[in-house]
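Read the figures in this text as sums done on the coordinates, not as results from a lab. Predicted, not measured: the structure shown is a model, and the values here were computed from it. Because the Cβ atoms are built from the backbone with ideal geometry, glycine has one as well, and the counts that use them run over all protein chains shown.
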Amino acid sequence: AIERTLSIIKPDAVAKNVIGKITQRFEDAGLKVVAAKLVQLSALEAGQFYAVHKDRPFYKDLVNFMISGPVMIQALEGESAISKNRDLMGATDPKKAEPGTIRADFADSIDANAVHGSDAPETAAAEVAFFFPGLNVYSR
Ligand code: CMP
């Protein structure tokens, strides 16, 4: 089915100047950018976005990292967009990511791991809505 998923190119990858290279991988896999913005998140926004992790030991570091510089937030649309994007990203920990995946090629650590992608249909819908009001998503 055609799905939408939320992608965040994290501060480490934005700082490495690879927004284009990462977005090229999405496009080459048949995913379309249907919404996008470059923003520096507030602690409130990052904390709300990652609220599901609020009791995990890495939560505070995660929020601090995500607000450390601008991030490129995109909604991606296409066939099986959620799992396709996760395949493109590779494992959360870049040491475990398959060669040729975004995290294997661009991530430095499990914290500075280049990209975020929604993990399921329910979270994808909530995450896209969190950052993009419906009128700013351009299905095409
Ligand atoms: P992300 O897909 O953005 O979702 C939560 C983030 O927390 C994850 O990527 C990692 O960058 C970060 N993180 C740090 N430590 C861990 C961990 N032990 N397990 C999962 N995520 C972690």
**OP:** List, largest first, the extents of the alpha carbons of the chain along their principal axes, each in whole Å.
**Re:** 38, 34, 25
**OP:** Taking the Cα centre of the stretch 11-140 as origin, sum charge times position over the Cβ atoms of Lys and Arg (+1) and Asp and Glu (-1), and report the length of that vector in debye to the nearest 20.
**Re:** 180 debye
Subject >> Whole-number D in µm²/s for the stretch 7-49 (Stokes-Einstein; Kirkwood sum over Cα pairs; 37 °C, 0.692 mPa s) >> reply: 279 µm²/s
Original post:
Which residues does a label at residue 96 reach in the stretch 105-140, if reach means a backbone N under 13 Å from a point 7 Å past the Cα toward the Cβ?
Top reply: 110-111
**OP:** Collect residues whose amide H, placed 1.01 Å from N in the peptide plane, falls under 5 Å from the amide H of residue 115; neighbours closer than 5 in sequence don't count.
**Re:** 10
Original post:
Relative contact order (percent) for the chain, with alpha-carbon contacts under 8 angstrom and 6 or more residues of separation?
Top reply: 38 percent
Original post:
For the chain, which span is the longest to avoid every loop-located (per DSSP) member of chymotrypsin sites (Phe, Trp or Tyr not before Pro) having at most 16 other Cβ atoms inside 10 Å?
Top reply: 59-137
Original post:
Cα-based Rg (one decimal) and Dmax (whole number) for the stretch 70-125, in Å?
Top reply: 11.3, 30
Original post:
What does the helix-only formula give at 222 nm for the chain: each DSSP H stretch with n ≥ 4 adding -39500 (n - 2.57), the total divided by the residues, and the result rounded to the nearest 500 deg cm²/dmol?
Top reply: -10500 deg cm²/dmol
Subject >> Förster radius 25 Å - calculated FRET efficiency between residue 87 and residue 55 (Cβ-Cβ, nearest 0.05) >> reply: 0.30
Original post:
Taking K and R as +1 and D and E as -1, what net charge do the other residues with C-beta under 11 Å from the C-beta of residue 95 add up to?
Top reply: 0
